[in-house]
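Below: one structure, written as structure tokens.
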Amino acid sequence: MPRPLAILCLLRDPLPPRRADVLTLFGVELPRHGIHTALLGQAAGTGAATWPGGALHLAGRCGGAANSVLAPVRDTWGLLRAMAAARPDCIQVRDKILVAVLAVLAAALLRIPFVYWMSFPIVEGYAAHAASGAVRWPFLHRLRAWSTHRLLYGLVLPKAALVFVQSAAMAEALAARGMPRARLAAVPMGVDLALVARVAPAPDARLAGRRVVVYLGSVARSRASLFLLELAEVFGEARPDVLLVIAGDAPSPAEAAWFRAELAQRALGANVVFTGWLAHADALGYVARAEVGISPVPRGALFDVSSPTKLVEYLALGVPAVASDIPDQKLVLEQSGAGHCVPMTVPAFYAAIGRLLDDPQRAARGARGQAWVQAHRSYAVLGREVALRYRSLLEHGQ
């Protein structure tokens, strides 16, 4: 049995984590390979917090403008306390930049590797937000984008012994900036097959007698989510038996109000079911009732390097899919043969969805998708691969 390894990981996400790429990968799969992770960050609420993957160090609570200012100070104090409690084999930071500079110094003092986990191009997100015209004090937002860009690409990533990224496309983007490819490891989004096995079809009477097409996840202006309503309008006119289920909601009350107003204005009540946020298993229950899953993700610097979870979740439930042509979705559908990858236009999606609805081999496509996910995108498979990368670095320095 290999010796146990300990990671100290600073997270941007609220604790305890809910995202499967943290909860399942670090809380369930990596411990099976003798790798335990102490998490450090801000708590999501006031209740007791538990974490199956190792220790949990809470440094204040999420929410409010004050926390945005105080979080780096709290993280610094939490980092010192966590290092005093137990010496880790490496320090890892996920999607935080300012505190990553301190983590680089702390790792150097302890003579252990520093690792960065980049699940989103956050610097580019800051720049896009600053340029959106929808912010107060745009100069301050531009300053944040400029300063974090300098810190991340000029200091943090060059000092990282290993950088985990969201997709092969993100690895290519960092390599183009001069990051050595040997220090880049792509970990795309996966599926918790144990959760999928427990999913029951949603008991929603509104779906009876309809041909269900499902979209799973967030709606937002940045995601060009009015595309979903435009698509539903076309189906309402040409194929009224088709029902679009949007199993999710917007990330903020303002965005939710905007999307609901658009839905009401278009009078799509007979063609769209908009569920709002659901427990993960309940949302997947709507996927289990669907004939086709869709993943329209707009092209651009922010999303071209992403790895959407919804697509592999459709496939894991045996539902063929239509997805836009960002690199990771193109790879998934080309390798699995479980659907169609098309440009994000309403005519292209309408035609591709229609081909799947009318395809006598739709069930076979679904079975191919399930087999591909089990072989390539289950968290059991991803956990083995990630564990090998950690051990290669922490035991052999590679």
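Some points to look at:
- Full-stretch length increase - W77, S252 - with 0.36 nm per residue and alpha-carbon distance subtracted: 60.0 nm
- Nearest 10 degrees, 0 to 90: helix 379-396 Cα axis against the chain principal axis: 20 degrees
- Rounded if a/c under 1.5, otherwise prolate or oblate - segment 193-376, Cα gyration tensor axes: rounded
- FRET E, pair S147, D359, Förster distance 45 Å, beta-carbon r, rounded to 0.05: 0.30
- Placing R0 at 35 angstrom, the Cβ-Cβ distance between E172 and A205 gives a FRET efficiency of 0.15 after rounding to 0.05.
- Backbone amide hydrogens, once placed in the peptide plane, bring Q92 within less than 5 Å of L8, C9, L10, V115, excluding anything fewer than 5 places away on its chain.
- Residues of segment 290-326 with an amide N closer than 19 Å to a point placed 7 Å from the Cα of E230 along the Cα-to-Cβ direction: 294-304, 322-326.
- Calculated FRET value between D325 and A220, using beta carbons and R₀ = 22 Å, to 0.05: 0.65
- The distance between label points at R136 and E334 comes to 4.7 nm (points 7 Å beyond Cα on the Cα→Cβ vector).
- Difference of contour (0.36 nm per residue) and Cα-Cα distance, R299 to H376: 25.3 nm
- Spacing of the two label points (7 Å from each Cα toward its C-beta) at E385 and T345, in nm: 3.3 nm
- Whole-Hz ³J(HN,Hα) from phi, Karplus 6.51 cos²θ - 1.76 cosθ + 1.60, for segment 316-323, glycine and proline x: 4, 8, x, 9, x, 9, 10, 9
- For segment 257-274, the Karplus equation 6.51 cos²θ - 1.76 cosθ + 1.60, evaluated at θ = phi - 60°, returns couplings of 5, 4, 5, 5, 5, 5, 5, 5, 5, 8, 6, 9, x, 7, 10, 9, 10, 10 Hz by residue, with Gly and Pro reported as x.
- Acute angle (nearest 10 degrees) that the helix 327-336 long axis makes with the longest principal axis of the chain, alpha-carbon atoms: 60 degrees
- Amide H within-cut-off set for G293, under 5 Å, with H built and near neighbours excluded: V214, A321, V322
- Binning the C-alpha pair distances of the chain at 10 Å intervals from 0 yields a P(r) profile of 5, 21, 31, 26, 14, 4, 0 %, listed from the shortest bin outward.
- Restriction of the trypsin sites (Lys or Arg not before Pro) in segment 80-168 to DSSP coil positions whose beta-carbon has at most 14 other beta-carbons within 10 angstrom yields R111, R136.
- Trypsin sites (Lys or Arg not before Pro) restricted to segment 196-254 and DSSP loop, no more than 10 other C-beta within 10 Å: R198
- Each residue of segment 167-184 is assigned a 3J(HN,Hα), and the resulting list reads 7, 4, 5, 5, 4, 5, 5, 6, 4, 5, 7, x, 6, x, 4, 5, 9, 10 Hz, derived from the Karplus form 6.51 cos²θ - 1.76 cosθ + 1.60 (θ = phi - 60°), x at Gly and Pro.
- A simple count of charges around L278, restricted to other residues whose Cβ falls under 14 Å of its Cβ and scoring Lys, Arg +1 and Asp, Glu -1, yields -1.
- Cβ-defined net charge surrounding A171, 12 Å radius [Lys, Arg +1; Asp, Glu -1]: +1
Each value in this text was obtained by applying a stated rule to the coordinates, not by laboratory testing. From a predicted model like this one, the values you see are computed outputs, not experimental measurements. All Cβ positions, glycine included, derive from the backbone under ideal geometry; neighbour counts span all protein chains shown.
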